[in-house]
Every structure is written in structure tokens, then in C-alpha cells.
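Undergrad: Sending over a structure as C-alpha cells; questions will come in a sec.
The values are calculated or read from the model by the stated rules, or taken from the named source; none is laboratory data. On a predicted model such as this, the values are computed, not experimentally measured, just so you know. Heads up, the Cβs are rebuilt from the backbone with ideal geometry, glycines too, and the neighbour counts pull from every protein chain shown. Heads up: the accessible areas ignore ligands, DNA and RNA and are worked out on the full protein's heavy atoms, side chains in. Shrake-Rupley method; radii C 1.70, N 1.55, O 1.52, S 1.80 Å.
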Amino acid sequence: MNKAIGLITTNYANENFGKLAESRPVATVPFGGRYRLVDFPLSNMVHSGIRCVGITTAHSYRSLIDHLGSGKEWSLDRKSGGLFLLPGSIYGMKRFEGKFLLRDFIQNRPYLKRAKEDVVVVSASNKIYNMDFTPLLDQHFASGAQVTLVYKEIADAHMKRGPFLELDCSGKLRSIQRESAGNAAWFLDCFVINISDFLALMDWYETMDYIDMTEIFSENITNMKIDSYRFDGYVGAVDSSYDYMRCSMDLLKREIRSELFDSKRQIFTKVQDAPPSKYLSGSHVSNSFISSGCVIEGTVENSILFRSVEIGKGAVIKNSIIMQRGKILPGAVLDNVICDKFVRISEDSRLSGNRYTPLVIGKSEQI
């Protein structure tokens, strides 16, 4: 019997993504050669036995609908349960910390009221990890908690964006902070909540529907039993183009790649078949992530190529990301560059950014 339903929020954005999120929500930013960010929380839920998942859509939802379709790739094209695309409010969150706008939940109250399950797993889509939610749900039920927040213990909190959880020795929530330093419990934008308590909070705060759920939890620490669950695996947070580049380059590390794409817990995505990549005479590829359908004549180092990318003769790609159907013509040199889909870079071009501010070329641009 299913223990929970799922709810994934995508109605938020910020200016630090630049051209990467101009025409799409953060949830559908391409990642890892063939995936979208939303694939990770959605696959985590499916692998954990959750067969009913709702996704609150952002204002620019076209790419989200195109990617998810009926949910077939995640086995969510079902007669009972399945995938539900839920309307998000016109004005979503613009803050780094805000991923759970109460207005979006209130607007979709019927989705929760009709559920036969007692709890809902709520997740954002900007953090990348491969997690089995089953132990989380087991702990939530066993503890009798009303809310269980998921966190990761980190030693470099000054390098991360909050929120951060202050916990007592038993793991109960004492406070939620926006900033921290040194060792801290980093909130992973994921929590479990009893549906009855969720609906009650919506009723209590209905006139303040512009606030985030984490603010509500912070205000009700003494009124509710709010527990925590520790996750020890790899977590990549994508809140800017710099974060996106850094998390993408993490995939070049074998141990991280093996954990994220565990063969027993695959990350599902929209199927797009392509032939094997072709490495022509004179090509040189080292420490790179190459997807299917590519044709390479030049040099690729420490980079990620999505499906059907063409690298011309004498072109040099270093520390860069070239998304689907990008075409780099002969002699071009790219270093610390992110090229969105369908980009064309002309012959002998020289483009470079740096590790902190990668140069982003927008979708379908020609340089």
C-alpha cells in the first residue's frame, strides 16, 4: 500500500540564472547531458513507491509540460493516481530561500483533500540528489511527527545558501536560519507533512498566502512536533549559473556520477533516442561527459556535451557545457562557456568566461 503522495514545486526563479531560465522554469533547466532538474525529485519519489505526484507549474510552464507529458517515462501514466500538473500562481517566489509558496498550495487544496494517503512528500526541484524516501517516511510515522524536514550535515555553511536548521540533540527543530557558518544542518528543500496538518495550516494562514512554508514552520515550532531526517549522500544545489556549472562539473568525478546515476535507482527522463557518438580522425576527448548522437572532430576537455552536438575540426572545448544540437564550427575555442540548446558558434570564434561567472549563450543564439 502506498504510504504517501508527492508534491513538487517549480514556481520560483531568480535573476542569477540569466539566459538559462529566460524561457523555462528552473525545474526544466537541462542537466547532465540528457536530464532536466525536475527528473531528480520525480525519480526519487517513484523509486520510493509514490504513485501519485502533483507538480505546481510556473508561469512559463510550456517546457515543463513538453518534458513531462503524461508521465509515461516515470510510470505515472496510470488510471489510479499518476502525474498531476497543478496550476501555480502568476507571481511565484523570487527569493533564493523561497521554494514553497503557500499561495500555490492553497490554490491546489483539492489535490490534497482527495488523497487517500495520510502524508505528502513535498520537494523543490533545484537540488540534485538520489535518495530513497522510504526510510524518511518510516521515521516520520514511527516518531509521530507532524512535519519532518530533510537536511544534510555540512562543514562549509558559509559557502551555501540557506535555510539552515537548528536542531536539539534529539533532532527536533529549534529554529530556522537564513545564514550559518561552519558545521550546520542544511535544509534540502524537502519535507514530509501530515495532510491533515497541511490543510489546517492553509486555513490558519490563508490571508497571508504570500509567505513560504518554512516561515510557517518557524512560527509554529512550539505548537507542532517538527522532526528532522539526515541525508548523507551527495547534494548539488542549483541557484545560479555558477551553481549550475559547478554541479555539472561534479559529474566528471566518478564517485559522484556513480551515486547520482545508480543503476538500481535510475534517474528517469524523457526518452529521445539517438545513435552512438562518432569520434572522427583528429578528435581528442579527455575527462568529459559525452551523450549520444554527437559528432566530434575537435578537442573536448573537462566538458559536458548533450545529445547531437557537433564539434568541428580544430575546435577546442574546455570546461564548458554544450546543450542539445549545439554546433561548434571549425577553429572555434570555448572555455568556461555554457551554450543552451540549438546554439551555433561560427568558425574561429573565441569565447571565454571564468569558473565564477561562466559565459552563458542563450537558446538558439548564433555567435
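Undergrad: What number, rounded to the nearest 500 deg cm²/dmol, is the helix-based mean residue ellipticity at 222 nm of the chain, given -39500 (n - 2.57) per DSSP H run of at least four residues and division by all its residues?
TA: -5000 deg cm²/dmol
Undergrad: Same structure again: With a 1.4 Å probe and every protein chain kept in, tell me what percent of the accessible surface of the chain is carbon plus sulfur. Provide the component values of the computation, followed by the final result.
TA: Values: 7470 of 15890 Å².
Answer for the chain: carbon and sulfur cover 47 percent of the accessible area.
Undergrad: Over the stretch 46-136, what is the relative contact order in percent, taking alpha-carbon pairs closer than 8 angstrom and at least six residues apart? Show your work: numbers first, answer last.
TA: Values: 73 pairs, mean separation 28.4, N = 91.
Across the stretch 46-136, relative contact order equals 31 percent.
Undergrad: Taking the Cα atoms only, what angle lies between the long axis of helix 241-250 and the longest principal axis of the chain, rounded to 10 degrees?
TA: Between the helix axis and the principal axis of the chain, the angle is about 80 degrees.
Undergrad: Among Asn354, Pro275, Met249, which residue has its Cα positioned farthest towards the positive end of the charge dipole of the chain, with +1 placed on the Cβ of Lys and Arg, -1 on the Cβ of Asp and Glu, and the dipole taken about the Cα centre?
TA: Pro275
Undergrad: Exactly which trypsin sites (Lys or Arg not before Pro) in the stretch 94-202 are in a DSSP loop and have at most 12 other Cβ atoms within 10 Å? Please list the in-between numbers first.
TA: Details: sites: Lys94, Arg95, Lys99, Arg103, Lys113, Arg114, Lys116, Lys127, Lys152, Lys160, Arg161, Lys172, Arg174, Arg178; in loops: Lys94, Arg95, Lys99, Arg114, Lys116, Lys160, Arg161, Lys172, Arg178.
Sparse-neighbourhood loop trypsin sites (Lys or Arg not before Pro): Lys94, Arg95, Arg114, Lys116, Arg178.
Undergrad: Please report the antiparallel percentage of the DSSP beta bridges confined to the chain, to the nearest 5. Mind dumping the intermediate values first?
TA: On the way: 23 of 73 bridges.
For the chain, the DSSP antiparallel bridge percentage is about 30.
Undergrad: So, with +1 on the Cβ of K and R and -1 on the Cβ of D and E, and no other charges, what is the size of the charge dipole of the chain about its Cα centre, to the nearest 20 debye? Walk me through the numbers on the way to the answer.
TA: On the way: 45 positive and 42 negative charges, 197 e Å.
Rounded to the nearest 20 debye, it is 940 debye.
Undergrad: Let me know the longest stretch in the chain that avoids all GluC sites (Glu not before Pro) found in a DSSP loop with at most 15 other C-beta atoms within 10 Å.
TA: Numbers: sites that count: Glu22, Glu179, Glu347, Glu365.
Formally, the longest exposed-site-free interval is 180-346.
Undergrad: Please work out the average accessible area per residue across the chain, using the 1.4 Å probe convention, and give it in Å². Walk me through the numbers on the way to the answer.
TA: Details: 15890 Å² over 367 residues.
Per residue, the chain has an accessible area of 43 Å².
Undergrad: Also, I was wondering about something else. Could you calculate, for the stretch 44-203, the ratio of the Cα radius of gyration to the Kirkwood radius, expressed as Rg to Rh?
TA: On the way: Rg = 16.4 Å, Rh = 17.1 Å.
With Rh from the inverse mean 1/r over Cα pairs, Rg/Rh is 0.96.
Undergrad: Ratio to report: Rg/Rh of the chain, with Cα atoms as the point set and Rh obtained by the Kirkwood method; give two decimals. Mind dumping the intermediate values first?
TA: Details: Rg = 21.1 Å, Rh = 21.3 Å.
Answer for the chain: 0.99.
Undergrad: Something else about it: Of the chymotrypsin sites (Phe, Trp or Tyr not before Pro) in the stretch 263-357, which ones lie in a loop per DSSP and count no more than 11 other C-beta atoms within 10 Å? Mind showing how you got there, number by number?
TA: Working: sites: Phe268, Tyr279, Phe289, Phe306, Phe342, Tyr356; in loops: Phe268, Phe306, Phe342, Tyr356.
Within the stretch 263-357, the qualifying chymotrypsin sites (Phe, Trp or Tyr not before Pro) (loop, at most 11 other Cβ atoms within 10 Å) are Tyr356.
Undergrad: Can you say what percent of the DSSP beta bridges in the stretch 299-345, counting only those with both residues inside, are antiparallel? Round to 5. Each step should come with its number before you reach the end.
TA: Numbers: 0 of 14 bridges.
Percent antiparallel among DSSP bridges in the stretch 299-345 is about 0.
Undergrad: Can you pick out the pairs among Lys172/Lys253; Lys160/Lys318; Lys253/Lys327; Lys116/Lys172; Lys19/Lys225; Lys278/Lys318 whose Cα atoms lie more than 30 Å from each other?
TA: Details: Lys172/Lys253 35 Å; Lys160/Lys318 26 Å; Lys253/Lys327 26 Å; Lys116/Lys172 28 Å; Lys19/Lys225 42 Å; Lys278/Lys318 19 Å.
Beyond 30 Å: Lys172/Lys253; Lys19/Lys225.
Undergrad: Which whole-number percentage describes the relative contact order of the stretch 1-106, with Cα contacts under 8 Å and a sequence gap of 6 or more? Spell out each step's value before the answer.
TA: Values: 162 pairs, mean separation 35.8, N = 106.
The value is 34 percent.
Undergrad: What does the charge add up to near Phe231, with Lys and Arg as +1, Asp and Glu as -1, over the other residues with Cβ less than 15 Å from its Cβ?
TA: Values: positive: Lys127, Lys152, Lys160, Arg230, Arg265; negative: Asp132, Asp138, Glu153, Asp189, Asp227, Asp232, Glu259, Asp262.
Here the count lands on -3.
Undergrad: Charges on Cβ only, +1 for Lys and Arg, -1 for Asp and Glu, centred on the Cα centroid of the stretch 113-242; of Ile226, Ile216, Ala200, which one is farthest towards the dipole's positive end?
TA: Farthest towards the positive pole: Ile226.
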